[in-house]
1. Restricting the search to region 205-250, which residues are more than 16 Å from the chain's Cα centre (by Cα), closer than 18 Å to S380 by Cβ and open to solvent by 10 Å² or more (accessible area, probe 1.4 Å)?
2. If you take the residues of region 50-89 that are outside any strand (DSSP E or B) and over 26 Å from T120 (Cβ atoms), which of them is most open to solvent (accessible area, probe 1.4 Å)?
3. Do we have L35 as away from the ligand (no atom under 16 Å from the Cβ), part of a helix (DSSP H, G or I) and open to solvent by 10 Å² or more (accessible area, probe 1.4 Å) here?
4. Restricting to region 364-412, name every residue that is open to solvent by 60 Å² or more (accessible area, probe 1.4 Å), outside any helix (DSSP H, G or I) and not charged (D, E, K, R).
5. Of the residues V252, V259, V220, only one is of a type in the set (V, I, T), free of Cβ contacts under 8 Å to residues at least 60 places away in the same chain and out of contact with any Ser or Thr (no Cβ under 7 Å at 6 or more places or on another chain); which?
6. Scan region 417-427 and give yes if some residue there is at positive phi and open to solvent by 10 Å² or more (accessible area, probe 1.4 Å), otherwise no.
7. Which one of these does S139 not meet: (1) out of contact with any Cys (no Cβ under 6 Å at 6 or more places or on another chain); (2) open to solvent by less than 10 Å² (accessible area, probe 1.4 Å)?
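The values are calculated or read from the model by the stated rules, or taken from the named source; none is laboratory data. Treat the numbers as computed from the prediction; the structure is a model and nothing was measured. Here the Cβ is made from the backbone with ideal geometry for all residues, glycine too, and neighbour counts use every protein chain on show. Heavy atoms of the whole protein, side chains included, go into the accessibility calculation; ligands, DNA and RNA do not. Shrake-Rupley method; radii C 1.70, N 1.55, O 1.52, S 1.80 Å.
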Amino acid sequence: MSISESLAALRQNIESRNPAEPEFHQAINEVFETLSPMLGKHPEYAEAKLLERICEPERQIIFRVPWVDDAGEVQINRGFRVEFNSALGPYKGGLRFHPSVGLGVVKFLGFEQIFKNALTGLPIGGGKGGSDFDPKGKSDNEIMRFCQSFMTELYRHIGEYTDVPAGDIGVGAREIGFLFGQYKRITNRYESGVLTGKGLAWGGARVRVEATGYGTAYFVQEMLAANDAGLGGRDVIVSGSGNVAIYAIQKVHQLGGRVVACSDSTGYVHDADGIDFKMLRQIKEVERGRISEYAERRGASARYETNGSIWDLPCTVALPCATQNELDAEAARRLIASGVVAVAEGANMPCRPEAVRLFQEAGVLFGPGKAANAGGVATSALEMQQNASRDSWSFEYSEQRLHEIMRNIHTDCFETAAEYGHPRNYVLGANIAGFNRVAEAMLAMGVI
Ligand code: GLU
């Protein structure tokens with residue numbers, strides 16, 4: 001059987017053994033499409049059934065999360081933790097609380113996380129978890145009771161050397177606080193390194209809040225620089241207005257670009273004067289408000305739209321930072337027609353496969369999430385380092401480390417793509433570079 005035939009057979013096998021998990025299939029296919037040149041060079045990987053092993057999570061935990069709402073009614077949600085791969089370190093990856101969360105979503109995120117974490121060059125394996133719980137509209141007390149119930153089951157599966165969860169969509173510092181408090185109470189251990197994304201006063205790391213967004217901005221800056229271009233003076237569009245988007249906007253502005261639009265699940269705002277980062281952060285982070293309020297408060301320069309999509313607007317740099325599959329082929333065509341030169345994924349898998357193909361065919365620089373949004377988890381690994389040494393680094397030093405890591409990830413992807421005969425194909429570069437690291441570790445450890 002040729003390499004591509006065996007990849008197709010494996011793909012089919014995975015799809016039939018994991019039915020009704022379209023996002024997981026999509027994430028697998030994206031990786032498989034780029035691995036052939038590497039598998040040709042390393043026949044020992046196929047012999048050791050490495051690909052088959054990597055696609056099968058080491059452990060999948062699904063559990064009941066019962067809790068009582070403010071009206072006194074019992075609610076039941078489903079909790080997940082998929083411990084995907086621990087070849088490079090303890091399982092590491094966020095928790096997502098969103099009604100769309102199911103096993104397929106958690107597995108797609110966990111699978112991506114393996115390679116993303118490998119690309120950081122830091123000692124972290126890959127995992128992901130979450131719940132179909134919807135934090136929207138819930139009181140602080142309801143959030144706390146849910147988090148406590150979630151941790152009452154999860155605590156037995158995690159630990160500083162085992163599995164280290166963090167935040168993702170719907171899980172920020174507030175939720176990590178409730179989760180950490182319950183873990184500490186159940187175990188009677190102040191085990192700082194069991195969760196990342198903690199508050200600064202109780203073991204958190206500087207720059208962790210900003211890290212994913214900052215990292216995405218650094219990555220796009222590197223992509224442009226490697227291709228004799230810059231970010232200065234460019235109109236940039238950032239979708240979303242959550243943690244990733246907010247800090248991508250701040251860093252793009254600091255690097256000389258101008259973000260003219262951002263969005264939430266109900267619409268988008270275009271601001272001809274450039275998004276006011278401080279106002280946006282105040283509304284979204286402090287007041288937990290909507291993007292429509294930004295438009296109201298900002299006045300004449302801002303326009304709020306509920307029809308169409310943020311990708312209808314022209315720009316030369318696009319940073320999708322909202323959620324998976326938010327940017328489809330039609331949006332990609334419009335962006336290409338409007339003159340986009342670079343796209344980097346701040347969210348996980350926000351571009352549909354057809355959109356990625358169109359960008360690549362049009363010569364648009366495309367940075368996949370595994371590489372472009374790795375700054376968050378990389379800074380989580382720095383938080384683990386600080387916890388292990390009971391230390392706390394300055395903002396400047398932490399940011400310098402993040403910047404250096406993003407530069408290295410870019411170089412790694414860029415050089416790997418060139419080495420395998422596909423210059424500027426960052427998808428191929430990221431997948432091969434990440435896969436290689438995990439594969440070599442697994443080979444060394446025997447059949448595990
Ligand atoms: N949820 C983030 C991601 O997608 C961060 C995970 C972490 O810090 O462990 O990479």
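1. R206
2. So the first thing to find is which residues in region 50-89 are outside any strand (DSSP E or B), and the list is 50-58, 69-73, 86-89.
Next, from what is left, pick out any that are over 26 Å from T120 (Cβ atoms): 69-73.
On the way: D69: 25, D70: 91, A71: 92, G72: 53, E73: 109 Å².
It comes out as E73.
3. On the way: away from the ligand (no atom under 16 Å from the Cβ): yes; part of a helix (DSSP H, G or I): yes; open to solvent by 10 Å² or more (accessible area, probe 1.4 Å): no.
Against the criterion (away from the ligand (no atom under 16 Å from the Cβ), part of a helix (DSSP H, G or I) and open to solvent by 10 Å² or more (accessible area, probe 1.4 Å)), L35 does not qualify.
4. Across region 364-412, the qualifying residues are S389, S392.
5. Numbers: V252 fails: free of Cβ contacts under 8 Å to residues at least 60 places away in the same chain; V220 fails: free of Cβ contacts under 8 Å to residues at least 60 places away in the same chain.
That would be V259, the only listed residue that is of a type in the set (V, I, T), free of Cβ contacts under 8 Å to residues at least 60 places away in the same chain and out of contact with any Ser or Thr (no Cβ under 7 Å at 6 or more places or on another chain).
6. The first filter runs over region 417-427 and keeps only residues at positive phi, leaving 421, 424.
Narrowing further to those that are open to solvent by 10 Å² or more (accessible area, probe 1.4 Å): 421, 424.
Checked against the condition, which is being at positive phi and open to solvent by 10 Å² or more (accessible area, probe 1.4 Å), region 417-427 yields at least one hit.
7. Against the list (1) out of contact with any Cys (no Cβ under 6 Å at 6 or more places or on another chain); (2) open to solvent by less than 10 Å² (accessible area, probe 1.4 Å), S139 comes up short only on (2).
Residue by residue, here is whether (1) touching a residue at least 60 places away in the same chain (Cβ under 8 Å); (2) within 21 Å of the chain's Cα centre (by Cα); (3) within 16 Å of the ligand (Cβ to nearest atom) holds:
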| site | (1), (2), (3) |
| --- | --- |
| E330 | no, no, no |
| V340 | no, no, no |
| E345 | yes, yes, yes |
| F359 | no, yes, no |
| F366 | yes, yes, no |
| L382 | yes, yes, yes |
